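The values are calculated or read from the model by the stated rules, or taken from the named source; none is laboratory data. Quick caveat, the model's predicted, so the values are computed rather than measured. Ideal geometry is used to build each Cβ from the backbone, glycine not excepted, and the neighbour counts take in all protein chains shown. Heavy atoms of the whole protein, side chains included, go into the accessibility calculation; ligands, DNA and RNA do not. Shrake-Rupley method; radii C 1.70, N 1.55, O 1.52, S 1.80 Å.
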Amino acid sequence: MTNGDVIDPTVPPSGSGCVECLATDGWWLHLRRCARCGHVGCCDSSPSQHAQAHAASSGHPVVRSFEPGEDWFWNYATSEFVMGLPLQAPEHHPLDQPVPGPRGRVPGDWQVYLH
Ligand SMILES: [Zn+2]
Ligand SMILES: [Zn+2]
């Protein structure tokens, strides 16, 4: 499998937050962006781990961090960091978006829910 099969730099991210969390009143710690289709999901420390679920259900193994200042790529199929390339902007969630997020939906004792 080459990078071209799992990374499409022309696809923009699906939005500024986890697709499934936003649809279900959920919240996340950090965000990951599918390098193939742009799906934004929540990280493995988040309560619902939607990025990992997307990788499993879609067959898109590579994500890139969607956090400001982070440009690493991770392959869920091999559990390895992999080389990537610049992706379609925006390359991270908005700077004024809180971590954890989204604003107004994170419980006060959020640390209890992390994995
Ligand atoms: Zn999520
Ligand atoms: Zn995908």
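In square angstrom, what is the accessible area per residue of the chain with a 1.4 angstrom probe? Working shown, then result.
Numbers: 6020 Å² over 115 residues.
For the chain, the per-residue accessible area is 52 Å².
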**OP:** Using a 10 Å cut-off on Cβ atoms, rank the peptides 71-84, 5-18 from the highest mean neighbour count down.
**Re:** 5-18, 71-84
**OP:** Pop a pseudo-label 7 angstrom from the Cα along the beta-carbon direction at both Ser16 and Asp96 and give the gap in nm to one decimal.
**Re:** 0.8 nm
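What order do you get for 52-65, 92-105 when each peptide is scored by the mean count of other beta carbon atoms within 10 Å, highest first? Mind showing how you got there, number by number?
Numbers: 52-65: 18.5, 92-105: 14.4.
In decreasing order of mean packing, 52-65, 92-105 become 52-65, 92-105.
Given R₀ = 41 Å, FRET efficiency for Asp5-Asp109 by Cβ-Cβ distance, to 0.05?
Values: r = 42 Å, r/R0 = 1.02.
Working from the Cβ atoms, E equals 0.45.
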Original post:
For segment 31-64 and segment 74-105, what is the separation of their Cα centres, given in Å?
Top reply: 9 Å
**OP:** Return the long-range amide H neighbours of Asp8 (sequence gap of 5 or more, or a different chain), with a cut-off of under 5 Å between placed amide H atoms.
**Re:** Arg36
Subject >> In nm, spacing of pseudo-spin labels at Met83 and Glu70 (7 Å Cα→C-beta vector) >> reply: 2.3 nm
Subject >> Heavy-atom accessible surface of segment 22-115: percent carbon and sulfur, 1.4 Å >> reply: 53 percent
Original post:
Which Cys residues of the chain have no other Cys Cβ less than 4.7 Å away and so no disulfide-compatible partner by this rule?
Top reply: Cys34, Cys37, Cys43
Original post:
How many nm separate the modelled label positions at Thr24 and Ser57, each set 7 Å beyond the Cα in the direction of the Cβ?
Top reply: 0.8 nm
**OP:** Show the residues, 5+ positions off or on another chain, whose built amide H is closer than 5 Å to the amide H of Arg105.
**Re:** none
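For Cα pairs less than 8 Å apart in space and 6+ apart in sequence, what is the mean separation divided by the residue count of segment 24-115, i.e. the relative contact order in percent?
Working: 158 pairs, mean separation 26.1, N = 92.
Dividing the mean separation by the residue count of segment 24-115 yields 28 percent.
Given the -39500 (n - 2.57) contribution per DSSP H run of 4+ residues, what per-residue ellipticity at 222 nm results for the chain, rounded to the nearest 500 deg cm²/dmol?
Details: 3 runs with 18 residues, N = 115.
Counting only the DSSP helices, I get -3500 deg cm²/dmol.
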